[in-house]
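As structure tokens, the structure follows; a few thoughts come after it.
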Amino acid sequence: MNSNEKLIEKFYSAFANADYKTMSECYHPKIHFIDPAFGLLKEEQVSDMWQMLLLRSKGTLKIEFFNIKADDFTGSANWVATYKFSRTNRNVINKIAAEFVFQDGLMIKHTDNFDVWKWSKQAFGITGLLLGWTGFFQDKIQDQALLSLRKFQEAK
């Protein structure tokens, strides 16, 4: 296992242990994070997002990770998050494909991809089934996620 694969493993092991501080240590100060729920986050927003999600999960979040691959510049992993979605108290099993870019021995870009429609069906039930595939619904999910993050950051 090379150093970047070890870094990815360190990140997800910390995630599985609800250790957002160690997760943050894996990121370059100029980190860019992209995913369907939050869109683009930069720098301290990224660490704050993980902190918020872990605190809100109240220890019920289960993280599994596998298929870690990396070279000197890029990497990838697959991971599964199992949790109760706080807004609806519905069970979610989200399967995610992650991609990384490394600089100075740290992650400078982290992209998570998942099927928003599959996620929204689990998180919102019939509403997610009927509307989760639409751009309008996906934009609303992102708007709500960003609003939650802003409120969390303001309260810190």
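The values are calculated or read from the model by the stated rules, or taken from the named source; none is laboratory data. Just so it is clear, the model here is predicted, and its values are computed rather than measured. Methodologically, a virtual Cβ is constructed for each residue, glycine included, from the backbone with ideal geometry; neighbour enumeration extends over all protein chains shown.
Given the structure, is Ile126 more than 30 Å from Ser3 (Cα to Cα), at pLDDT below 90 and under 16 Å from the mean Cα position of the chain (by Cα)? Break it down into steps so the answer makes sense when it comes.
On the way: more than 30 Å from Ser3 (Cα to Cα): yes; at pLDDT below 90: yes; under 16 Å from the mean Cα position of the chain (by Cα): no.
In short, no.
Quick one: would you say Ala14 is touching a helix residue (DSSP H, G or I) at 6+ places or on another chain (Cβ under 7 Å), modelled with pLDDT under 95 and not basic (Lys, Arg)? Break it down into steps so the answer makes sense when it comes.
Details: touching a helix residue (DSSP H, G or I) at 6+ places or on another chain (Cβ under 7 Å): yes; modelled with pLDDT under 95: no; not basic (Lys, Arg): yes.
No.
Grab the helices (runs of 4 or more DSSP H) fully contained in region 37-152, keeping just those with 2 or more residues being of a type in the set (Lys, Arg) and surrounded by 13 or more Cβ atoms within 10 Å (Cβ to Cβ).
Numbers: elements: 44-57, 116-124, 126-131.
Counting at least 2 such residues, we get 116-124.
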